[in-house]
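Everything below concerns the one structure shown next.
The values are calculated or read from the model by the stated rules, or taken from the named source; none is laboratory data. Bear in mind that the values here come from a model prediction, so they are computed numbers and not experimental data. Virtual Cβ from ideal backbone geometry, glycine too; neighbours counted across all protein chains shown. Side chains are part of the model used for accessible areas, which takes the heavy atoms of the whole protein and leaves out ligands, DNA and RNA. Shrake-Rupley method; radii C 1.70, N 1.55, O 1.52, S 1.80 Å.
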Amino acid sequence: MSGSSHGHTQSERLLYTSMGPMRREQLGMILPHEHVFVDLRTPDQPGYAQAEAGDVVAVMAPHIEAIKQRGVTALVECSTIGVGRRADLDLAVSQATQFPIVVPTGSYREPWITPFVATADDAALEAWMAAELTIRLEEADFRAGWIKISAGDDGISPLEERILRAAARAGARTGAIIGSHTIRGRVAIQQIDIIEEEGYSADRFIWIHTQSETDLGLHDEAVARGAWIEYDHVGRDPDDAVRALILRAHEKEQWDQLLVSHDLGWYDPAQKRGGKQRPYTHLSDVMMPQLREHGVSAEALRALTHDNPFNAYAR
């Protein structure tokens, strides 16, 4: 895999964050899949995605400060349209902590589809994503860093396919990576096929939650196609299980197409005081030391946690 987008070298490419575009040399460790703010109620529910910035900052800033102390220099917010994306609240947390957050455009799957996404035609969907990637996000004045979508657990619905095709066209125009919440490997492979049909490249696709697919041969197939796989259950599943998948990817020389993260956080406006948060620290405190004990070099860990997230998300 080239690790490049639109022919740019790593030094020329930029990660689009809440603090503006950033170059590789400005960044160290990056967490590629976390959440600052999420609302898993559907968009038609009363109070959906509503919260005060001060409340969100008070709850989430300490979690950002904790990872800053561990050398983390940015994180990727994975809450997209449909599950409570609030780029303005991400920006408030970012400004309060002086910490870059990468926010997506795109849409989640049914039944979390907003009325705009459900009714927009193909050209409008593509234009909306491209505008958020190149001009600004709807609710905050910085650019989306990537495209976050999803597919149904049992297959892609016609509307989810339209969203994916629009994402692929917007990606081809901008170089932005597409990441999809996809539980089944055969669906991820189908998504790669569709992305290539639309003229975009499999190496600009992240199969989010790859660990949910128990057929590891499908993990290998996605890597062989050029896609990124992501084991984002660090600190959520038993360490032995998480570590085994990461070490398998290392042994199979899939390292430069692997992302690892927690998929944790977050402020939930449906819960009192935002609910109970879970920290973003397990990778730094537990998993990376365990990987070192199991023979992964410091250089390889640096590549995994510094270079890979930048190579995936920068353009």
- Approximate spin-label separation Ser157-Asp121, in nm, with each point projected 7 Å along Cα-to-Cβ: 2.3 nm
- Message: Using the crude model of +1 on Lys and Arg Cβ and -1 on Asp and Glu Cβ, and no other charge, please compute the dipole size for the range 55-189 relative to its Cα centre, in debye to 20.
- Response: 440 debye
- Query: Given the range 3-90, what percent of its DSSP beta bridges are antiparallel, to the nearest 5?
  - Reply: 50 percent
- On the formula 1/(1 + (r/R0)^6), with r taken between the Cβ atoms of Arg302 and Arg273 and R0 of 30 Å, the FRET efficiency rounded to 0.05 is 0.20
- Roughly speaking, what is the centre-to-centre gap between the range 9-48 and the range 260-312 when only Cα atoms are used, to the nearest Å? 14 Å
- Item | Share, in percent, of DSSP beta bridges within the chain that are antiparallel, nearest 5 | 20 percent
- Output row, site Glu251, 7 Å Cα→C-beta label point, backbone N cut-off 20 Å, window the range 287-303, residues 287-298, 300-301
- Task: Could you size up the charge dipole of the chain around its Cα centre, putting +1 on the beta carbon of Lys and Arg and -1 on that of Asp and Glu, and report it in debye to the nearest 20?
- Result: 640 debye
- With N residues in the chain, Rg(alpha-carbon) / (2.2 N^0.38 Å) equals 0.91
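Kirkwood Rh over Cα pairs of the range 161-265 into Stokes-Einstein at 4 °C, 1.567 mPa s: D in µm²/s?
Reported coefficient: 93 µm²/s.
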- q = 0.09, 0.10, 0.15, 0.22 Å⁻¹, the range 1-108: log10 I(q)/I(0) [Debye, one scatterer per Cα]: -0.26, -0.32, -0.67, -1.20
- Could you provide, to the nearest whole Å², the per residue accessible area of the chain with probe 1.4 Å? 38 Å²
- Note on the structure: When every protein chain stays in place and a 1.4 Å probe is rolled, Thr17, Thr114, Thr119 sorted by accessible area with the largest first are Thr119, Thr114, Thr17
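If packing is taken as the average number of other Cβ atoms within 10 Å across a peptide's residues, how do 259-266, 248-255 rank, most packed first?
Output ranking for 259-266, 248-255: 259-266, 248-255.
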- Query: log10 I(q)/I(0), Debye, Cα-only the range 236-315, no solvent, q = 0.15, 0.21 Å⁻¹?
  - Reply: -0.61, -0.99
- For the residue pair Arg292 and Asp220, what label-to-label distance in nm results when each label sits 7 Å from Cα along the Cα-to-beta-carbon direction? 3.2 nm
- With a point put 7 Å past each Cα toward its Cβ, work out how far Glu65 is from Glu196 in nm, to one decimal. 4.9 nm
- Task: Per residue of the range 103-113, in order, report the coupling 6.51 cos²θ - 1.76 cosθ + 1.60 (Karplus, θ = phi - 60°) as ³J(HN,Hα) in whole Hz, putting x for Gly and Pro.
- Result: 10, x, 9, x, 9, 6, 8, 5, x, 9, 7
- Note on the structure: Relative contact order of the chain (C-alpha contacts under 8 Å, at least 6 apart) in percent is 22 percent
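Considering only protein heavy atoms and a probe of 1.4 Å, how much of the accessible area of the range 1-88 is carbon and sulfur, as a whole percent? List each step's numbers first, then the result.
Working: 1780 of 3510 Å².
Its accessible area is 51 percent carbon and sulfur atoms.
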